[in-house]
Amino acid sequence: MTAGTPAETPADALAGTGTATDPAAQHDGVGTLRARRFWSARRNVAALAALVLGGAAGALLYEEIYIQSGHRAHAWRLRVADDLAHRHLDDHWVIAASAVACALGLWLLVLAATPGLRRLLPLAAVGTTGVRAALERRAAAAMLQRAAIEVPGVHDARATVGRRKAKVQAVVGFGDREEVRALLTELLARERKALGLVRPPMINVKIRGRSR
(Lines give C-alpha, C1' and ligand atoms only; values in the text may rest on other atoms or scores of the structure.)
Protein backbone atom coordinates (compact mmCIF):
# COMPACT_ATOMS: atom_id res chain seq x y z
CA MET A 1 0.00 0.00 0.00
CA THR A 2 1.42 3.36 -0.95
CA ALA A 3 0.54 6.87 0.11
CA GLY A 4 -1.43 8.81 -2.44
CA THR A 5 -2.18 12.02 -0.54
CA PRO A 6 -0.31 14.06 2.06
CA ALA A 7 -3.09 13.38 4.55
CA GLU A 8 -2.12 9.75 4.91
CA THR A 9 0.09 8.64 7.75
CA PRO A 10 3.67 7.36 7.25
CA ALA A 11 2.48 3.85 8.03
CA ASP A 12 0.01 4.07 5.16
CA ALA A 13 2.85 5.00 2.81
CA LEU A 14 4.76 1.76 3.23
CA ALA A 15 4.58 -0.64 0.31
CA GLY A 16 6.37 -3.72 -1.04
CA THR A 17 6.75 -7.45 -0.96
CA GLY A 18 9.68 -9.84 -1.12
CA THR A 19 11.39 -12.91 0.26
CA ALA A 20 14.46 -13.63 2.34
CA THR A 21 16.32 -14.69 -0.79
CA ASP A 22 15.29 -11.64 -2.79
CA PRO A 23 18.30 -10.70 -5.02
CA ALA A 24 17.22 -7.07 -4.90
CA ALA A 25 17.99 -6.89 -1.18
CA GLN A 26 21.43 -6.86 0.43
CA HIS A 27 22.47 -6.98 4.09
CA ASP A 28 25.07 -4.54 5.34
CA GLY A 29 26.30 -6.93 8.03
CA VAL A 30 24.62 -5.23 11.01
CA GLY A 31 21.09 -6.50 10.54
CA THR A 32 19.87 -3.74 8.23
CA LEU A 33 18.30 -4.78 4.96
CA ARG A 34 19.38 -2.42 2.22
CA ALA A 35 17.02 -2.76 -0.74
CA ARG A 36 17.65 -1.66 -4.28
CA ARG A 37 15.14 0.26 -6.31
CA PHE A 38 11.91 -1.42 -7.34
CA TRP A 39 11.71 -2.56 -10.95
CA SER A 40 8.66 -1.87 -13.05
CA ALA A 41 6.99 -4.80 -14.78
CA ARG A 42 6.51 -2.67 -17.95
CA ARG A 43 3.32 -4.59 -18.68
CA ASN A 44 1.84 -2.01 -21.06
CA VAL A 45 5.01 -1.70 -23.13
CA ALA A 46 5.53 -5.46 -23.23
CA ALA A 47 1.91 -6.03 -24.25
CA LEU A 48 2.12 -3.40 -26.99
CA ALA A 49 5.39 -4.80 -28.38
CA ALA A 50 4.02 -8.34 -28.30
CA LEU A 51 0.81 -7.23 -30.00
CA VAL A 52 2.62 -5.44 -32.83
CA LEU A 53 5.18 -8.19 -33.42
CA GLY A 54 2.59 -10.94 -33.07
CA GLY A 55 0.26 -9.20 -35.52
CA ALA A 56 3.01 -8.71 -38.10
CA ALA A 57 4.23 -12.31 -37.74
CA GLY A 58 0.67 -13.63 -37.96
CA ALA A 59 -0.05 -11.62 -41.12
CA LEU A 60 3.14 -12.87 -42.81
CA LEU A 61 2.43 -16.46 -41.79
CA TYR A 62 -1.14 -16.27 -43.07
CA GLU A 63 0.01 -14.77 -46.36
CA GLU A 64 2.64 -17.49 -46.83
CA ILE A 65 0.12 -20.25 -46.15
CA TYR A 66 -2.37 -18.53 -48.47
CA ILE A 67 0.16 -18.44 -51.33
CA GLN A 68 1.38 -22.01 -50.75
CA SER A 69 -2.21 -23.24 -50.97
CA GLY A 70 -2.36 -22.10 -54.60
CA HIS A 71 -3.83 -18.61 -54.27
CA ARG A 72 -2.44 -15.41 -55.69
CA ALA A 73 -0.72 -13.06 -53.27
CA HIS A 74 -2.73 -10.16 -51.89
CA ALA A 75 -2.22 -6.66 -53.19
CA TRP A 76 -0.39 -5.47 -50.07
CA ARG A 77 2.13 -8.31 -50.37
CA LEU A 78 2.81 -7.45 -54.02
CA ARG A 79 3.12 -3.75 -53.22
CA VAL A 80 5.57 -4.37 -50.35
CA ALA A 81 7.65 -6.76 -52.45
CA ASP A 82 7.76 -4.26 -55.33
CA ASP A 83 8.83 -1.44 -53.00
CA LEU A 84 11.58 -3.55 -51.46
CA ALA A 85 12.85 -4.51 -54.90
CA HIS A 86 12.99 -1.00 -56.37
CA ARG A 87 13.75 1.31 -53.45
CA HIS A 88 17.43 2.04 -52.73
CA LEU A 89 18.98 2.33 -49.31
CA ASP A 90 19.39 6.09 -49.74
CA ASP A 91 15.66 6.57 -50.32
CA HIS A 92 14.16 9.00 -47.81
CA TRP A 93 11.36 6.59 -46.85
CA VAL A 94 13.88 3.82 -46.15
CA ILE A 95 15.99 6.18 -44.04
CA ALA A 96 12.93 7.43 -42.14
CA ALA A 97 11.67 3.90 -41.45
CA SER A 98 15.13 2.82 -40.30
CA ALA A 99 15.40 5.81 -37.97
CA VAL A 100 12.00 5.05 -36.43
CA ALA A 101 12.90 1.39 -35.98
CA CYS A 102 16.23 2.32 -34.33
CA ALA A 103 14.52 4.81 -32.02
CA LEU A 104 11.93 2.25 -30.95
CA GLY A 105 14.65 -0.36 -30.41
CA LEU A 106 16.70 1.98 -28.26
CA TRP A 107 13.60 2.92 -26.29
CA LEU A 108 12.87 -0.74 -25.55
CA LEU A 109 16.50 -1.32 -24.52
CA VAL A 110 16.38 1.66 -22.16
CA LEU A 111 13.15 0.39 -20.62
CA ALA A 112 14.65 -3.07 -20.20
CA ALA A 113 17.82 -1.73 -18.54
CA THR A 114 16.23 0.82 -16.18
CA PRO A 115 14.13 0.06 -13.10
CA GLY A 116 11.40 2.66 -13.50
CA LEU A 117 8.94 3.30 -10.64
CA ARG A 118 10.76 6.53 -9.87
CA ARG A 119 7.99 7.62 -7.51
CA LEU A 120 8.99 4.88 -5.03
CA LEU A 121 11.92 5.39 -2.64
CA PRO A 122 13.23 2.10 -1.14
CA LEU A 123 13.17 1.80 2.64
CA ALA A 124 15.92 0.17 4.70
CA ALA A 125 14.14 -2.43 6.83
CA VAL A 126 15.79 -3.74 10.00
CA GLY A 127 15.95 -7.53 10.30
CA THR A 128 16.40 -10.51 8.03
CA THR A 129 12.80 -11.13 6.97
CA GLY A 130 13.50 -10.12 3.37
CA VAL A 131 10.38 -7.94 3.24
CA ARG A 132 10.82 -5.01 0.86
CA ALA A 133 9.13 -1.67 1.42
CA ALA A 134 9.05 1.71 -0.25
CA LEU A 135 7.87 5.23 0.42
CA GLU A 136 6.25 7.33 -2.24
CA ARG A 137 7.86 10.67 -2.98
CA ARG A 138 4.64 12.51 -2.26
CA ALA A 139 4.42 10.86 1.15
CA ALA A 140 8.03 11.77 1.96
CA ALA A 141 7.37 15.35 0.85
CA ALA A 142 4.26 15.50 3.04
CA MET A 143 6.24 14.33 6.06
CA LEU A 144 8.96 16.94 5.49
CA GLN A 145 6.35 19.62 4.90
CA ARG A 146 4.53 18.75 8.12
CA ALA A 147 7.79 18.83 10.05
CA ALA A 148 8.66 22.24 8.60
CA ILE A 149 5.28 23.73 9.55
CA GLU A 150 5.79 22.63 13.16
CA VAL A 151 8.83 24.92 13.47
CA PRO A 152 7.98 28.08 15.44
CA GLY A 153 7.89 31.08 13.12
CA VAL A 154 7.14 29.12 9.95
CA HIS A 155 3.85 30.31 8.48
CA ASP A 156 3.75 27.98 5.48
CA ALA A 157 6.00 25.40 3.81
CA ARG A 158 6.22 23.41 0.63
CA ALA A 159 8.41 20.35 0.01
CA THR A 160 9.36 18.34 -3.04
CA VAL A 161 11.38 15.13 -2.91
CA GLY A 162 13.52 13.61 -5.65
CA ARG A 163 15.74 10.57 -5.70
CA ARG A 164 18.81 12.49 -4.53
CA LYS A 165 17.61 15.85 -3.30
CA ALA A 166 14.68 17.35 -1.45
CA LYS A 167 13.70 21.01 -1.54
CA VAL A 168 11.86 22.68 1.30
CA GLN A 169 10.60 26.23 0.87
CA ALA A 170 9.38 27.84 4.07
CA VAL A 171 7.61 31.15 4.64
CA VAL A 172 8.64 32.85 7.88
CA GLY A 173 5.82 34.74 9.56
CA PHE A 174 7.69 36.02 12.61
CA GLY A 175 11.02 35.73 14.39
CA ASP A 176 14.61 35.97 13.24
CA ARG A 177 15.12 34.28 9.87
CA GLU A 178 18.52 32.83 10.70
CA GLU A 179 17.24 31.29 13.92
CA VAL A 180 14.25 29.87 12.10
CA ARG A 181 16.55 28.51 9.39
CA ALA A 182 18.83 26.83 11.94
CA LEU A 183 15.90 25.27 13.79
CA LEU A 184 14.27 24.24 10.54
CA THR A 185 17.47 22.63 9.27
CA GLU A 186 17.93 20.71 12.49
CA LEU A 187 14.35 19.45 12.58
CA LEU A 188 14.39 18.46 8.91
CA ALA A 189 17.64 16.55 9.44
CA ARG A 190 15.95 14.49 12.14
CA GLU A 191 12.88 13.97 9.98
CA ARG A 192 15.12 12.95 7.05
CA LYS A 193 16.68 10.26 9.23
CA ALA A 194 13.25 9.17 10.48
CA LEU A 195 12.10 8.50 6.91
CA GLY A 196 14.17 5.32 6.99
CA LEU A 197 15.18 5.50 3.36
CA VAL A 198 18.06 3.52 1.90
CA ARG A 199 19.44 6.73 0.39
CA PRO A 200 18.05 9.72 2.29
CA PRO A 201 17.95 12.76 0.00
CA MET A 202 19.99 15.85 0.71
CA ILE A 203 17.70 18.64 1.91
CA ASN A 204 17.97 22.12 0.48
CA VAL A 205 16.21 24.68 2.66
CA LYS A 206 15.01 28.04 1.36
CA ILE A 207 13.17 30.57 3.46
CA ARG A 208 11.50 33.86 2.66
CA GLY A 209 9.48 36.42 4.51
CA ARG A 210 5.72 36.47 4.53
CA SER A 211 4.30 38.76 1.88
CA ARG A 212 2.17 41.60 3.16
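The values are calculated or read from the model by the stated rules, or taken from the named source; none is laboratory data. Because the structure is a prediction, the values reported are computed rather than measured. When we count neighbours, we look across all protein chains shown, and the Cβ atoms used for this are built from the backbone with ideal geometry, even at glycine.
Selection of first residues in the stretch 95-112 that are closer than 17 Å to Leu53 by Cβ and of second residues that are β-branched (Val, Ile, Thr), restricted to Cβ pairs under 9 Å at least 6 apart or on distinct chains, gives the following pairs, ordered by first then second residue: Trp107/Val45; Leu108/Val45; Leu111/Val45.
Name the one entry in Arg34, Arg79, Arg87 that is under 20 Å from the mean Cα position of the chain (by Cα) and either modelled with pLDDT under 85 or on the phi < 0 side of the Ramachandran plot (or both).
Values: Arg79 fails: under 20 Å from the mean Cα position of the chain (by Cα); Arg87 fails: under 20 Å from the mean Cα position of the chain (by Cα).
Selected residue: Arg34, the only one of Arg34, Arg79, Arg87 that is under 20 Å from the mean Cα position of the chain (by Cα) and either modelled with pLDDT under 85 or on the phi < 0 side of the Ramachandran plot (or both).
If you go through the stretch 100-122 one residue at a time, do you hit one that is in contact with an Asp or Glu (Cβ under 6 Å, 6 or more places away or on another chain) and farther than 26 Å from Arg37 by Cβ? There is no residue in the stretch 100-122 that is in contact with an Asp or Glu (Cβ under 6 Å, 6 or more places away or on another chain) and farther than 26 Å from Arg37 by Cβ.
Just to be sure before I move on: is Glu136 of a type in the set (Asp, Glu) and touching a strand residue (DSSP E or B) at 6+ places or on another chain (Cβ under 9 Å) in the structure I sent?
Values: of a type in the set (Asp, Glu): yes; touching a strand residue (DSSP E or B) at 6+ places or on another chain (Cβ under 9 Å): yes.
Yes.
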